[in-house]
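The structure appears below as C-alpha cells.
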Amino acid sequence: MSFFDKWKPVAAMIFVEFALAVVNALFKKVLSGGVSLLVIATYRFSIATIFLTPIACLLERNFISNLTGRVVCSLFFSALLGGTLTQYFFLIGLKYTSTTFSCAFINMVPINTFVMALLLRQEKITIKCKSGRAKALGTLCCLGGALILTLYKGMPLISKPASEVLEVNHSTKNWIVGSSFLFGGSLVWSSWFLIQARIGKEYPYQYSSTAIMSLHGAIQSAILSLVIDRNTSTWFLKGSLEISSVIYAGIVGSGLCCVVMSWCVKQKGAVFTSAFSPFIQIFAAVIDISILHEQIHLGSILGSILVIIGLYILLWGKRKEAEILKDSPATEKNGQATLPVTSSSART
C-alpha cells in the first residue's frame, strides 16, 4: 500500500469533520432566526438527493440491478437513524445550547460505536496484545476528553471587550433539554455507522445508497414536519444566509460527506470512521473564535488535546490489529465472525 493510499481515508475524514463543523456553525446562526428544524432537514435531504442522483446514474449504472427489497429497507432505517432522528435531535440540542457544546457530544460517537460494536461482536478487545490495550486506552482517553469538554468549562483564555463577546443566556432547563437531545443524537448516529457497515456488504454503491437514504430522509422529515407544525409559512426561507446554508448542508453535509463516510466505513470500518468525530469539536471551537467571536476556555483546550491523544492511540491499535490479521490468514478467517470492521477484506 502506497503512502497516499494509507493516509487517504484519514485526510478524507478530516475534510468531512471540518465540513460538518461549518454546517453546525451555519445552522446555529439560522436557528437563531426561528427557522423550523424539520423544514431545514427536509430541504437539506432533498438537495442532497437532487445532487447525488445524476452522479449515481453516471458512475454507478448497475446500481438498480443490485437494489433489492432488503437493501431498500436497510437504507430506510439507516436514513431514519443517521438522517432524520440524528438531524432532529442535534438541531434541537444546537438550538438550546451552543455550537461548541453541541459538537462536544459528537465526541461520544466513537465510544458509543465501539461499545455497540463490542455488544454486537463486530469488534473485539484482546487485552493480552498491544493492539487490544491500545484500543481500550484510546477509547478511555476519548471518553475522558469528552467529559472534560462537557463538564469542565475553565477560565477564558482570550480576553475580549464586552462589546465583542456574544452574550447568550440559556436557562438551566433549556441546557438540560438540549443536552438530553444531543446525547440521544450521538446514540442514533453511532448506530448509523454500524448499519452502514452491514449495508455496504450487500450494496457497495456509495453514491446511490446515499441518494436513496437522502430521499428517505427528506420524506420522513417532511411527514414529521407536517404532523408537528402545519403552518405552511415555515416552509419559506428568508434571506441569503438561510438559503445558502441549506444548499451547502445539502450538497456538502448530507451529500459529499455521507458518501465519503460510507466509503471510509467500507475501507476501514465503522469504529475507524466514527473515531474522527471529535475533530468536529476542535473545528467548531476555531470557528466560534474566528467567525462567531465567542470565548474559548481552558476546558476546551484540555479536552481537545486528550481527545486527539486518544484518537491516535485508538487508530494505532486498529492499524496494528489490521497488520496482524493481514499477516495471519487463519486469524483473518476466524476474525470475520468477530471482527468484521477491523480488516479491509472483512469490512463492508
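Being among the hydrophobic types (A, V, I, L, M, F, W, C) and over 26 Å from V71 (Cα atoms) is the filter here; which residues of the stretch 212-270 pass it? Walk me through it before giving the result.
Narrowing the stretch 212-270 to residues among the hydrophobic types (A, V, I, L, M, F, W, C): 212-213, 215, 218-219, 222-224, 226-228, 235-237, 241, 243, 246-247, 249, 251-252, 256-261, 263-265, 270.
L226, V227, I228, W235, F236, L237, L241, I243, V246, I247 - these are the residues of the stretch 212-270 that are among the hydrophobic types (A, V, I, L, M, F, W, C) and over 26 Å from V71 (Cα atoms).
Going by the structure shown, is S98 buried (at least 23 other Cβ atoms within 10 Å of the Cβ), more than 25 Å from A197 (Cα to Cα) and touching a helix residue (DSSP H, G or I) at 6+ places or on another chain (Cβ under 8 Å)?
Judged against the criteria, S98 is not a match.
Using the structure shown, decide if A249 is crowded, with 20+ Cβ neighbours inside 10 Å and under 18 Å from L37 (Cβ atoms). I'd like the intermediate steps shown before the answer.
Values: crowded, with 20+ Cβ neighbours inside 10 Å: yes; under 18 Å from L37 (Cβ atoms): yes.
When the stated conditions are applied, A249 passes them.
Would you confirm, using the coordinates I've provided, whether A270 is under 26 Å from G144 (Cβ atoms), modelled with pLDDT under 75 and crowded, with 17+ Cβ neighbours inside 10 Å?
Yes, satisfied.
For the stretch 273-286, which residues satisfy the criterion of being open to solvent by less than 10 Å² (accessible area, probe 1.4 Å) and more than 13 Å from the chain's Cα centre (by Cα)?
A284
For the stretch 230-243, give me the residue count where each residue is without any contact (Cβ under 8 Å) to a residue 24 or more places away in the chain and either of a type in the set (S, T, Y) or surrounded by 24 or more Cβ atoms within 10 Å (Cβ to Cβ) (or both).
Residues that pass the stated criteria total 3.
Yes/no matrix, rows are residues, columns are (1) β-branched (V, I, T); (2) over 20 Å from S277 (Cβ atoms):
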| residue | (1), (2) |
| --- | --- |
| D5 | no, yes |
| A21 | no, no |
| L31 | no, yes |
| T42 | yes, yes |
| F77 | no, yes |
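What is the one condition in (1) surrounded by fewer than 23 Cβ atoms within 10 Å (Cβ to Cβ); (2) at pLDDT below 80; (3) charged (D, E, K, R) that E60 does not satisfy?
It fails just one condition, (2).
Quick check on my filter: what residues within the stretch 196-229 are surrounded by 20 or more Cβ atoms within 10 Å (Cβ to Cβ) and under 22 Å from L119 (Cβ atoms)?
Within the stretch 196-229, Q196, A197, I199, G200 qualify.
The values are calculated or read from the model by the stated rules, or taken from the named source; none is laboratory data. The model shown is predicted, which means the values in this text are computed figures rather than measured ones. So basically every Cβ, Gly included, is an ideal-geometry build from the backbone, and we count neighbours across all protein chains shown. Accessible surface areas use protein heavy atoms only, side chains included; no ligands, DNA or RNA. Shrake-Rupley method; radii C 1.70, N 1.55, O 1.52, S 1.80 Å.
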